[in-house]
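A quick write-up on the structure given underneath.
Coordinate-derived values only; no laboratory data. Note that the structure is a prediction, hence the values are computed from the model and not measured. Positions of Cβ are generated from backbone atoms using ideal geometry, with glycine treated the same way; all protein chains shown enter the neighbour counts.
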Amino acid sequence: MLHLIFQRHHLPPDEVYNKDENVKQFMYASMMLQLEEEEKARKEQERAARRLKP
């Protein structure tokens, strides 16, 4: 999770670790929600692509 936060938001792990526990929990939950939404969109695109194939 820290890897994704670093890659997408350019926050180094030490900066995340130094945040208040509630802030860290929010950051992790927010990142998980984003990943779940991306996975849902990917699956929908795959289903749409399968429907278009003859």
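Computed from these coordinates, which is log10 I(q)/I(0) by the Debye sum over Cα atoms at q = 0.22, 0.24, 0.28, 0.30 Å⁻¹: [x] -0.80, -0.89, -1.06, -1.13; [y] -0.71, -0.78, -0.94, -1.01; [z] -1.11, -1.23, -1.23, -1.16? Here the calculated entry is [x].
Sequence neighbours fewer than 8 away in the same chain don't count; with that in mind, list the lysines whose C-alpha is under 16 Å from Lys43. Within reach: Lys53. When the chymotrypsin sites (Phe, Trp or Tyr not before Pro) in the stretch 1-39 are filtered for DSSP coil states and for at most 16 other beta-carbon atoms within 10 Å of their beta-carbon, no site remains.
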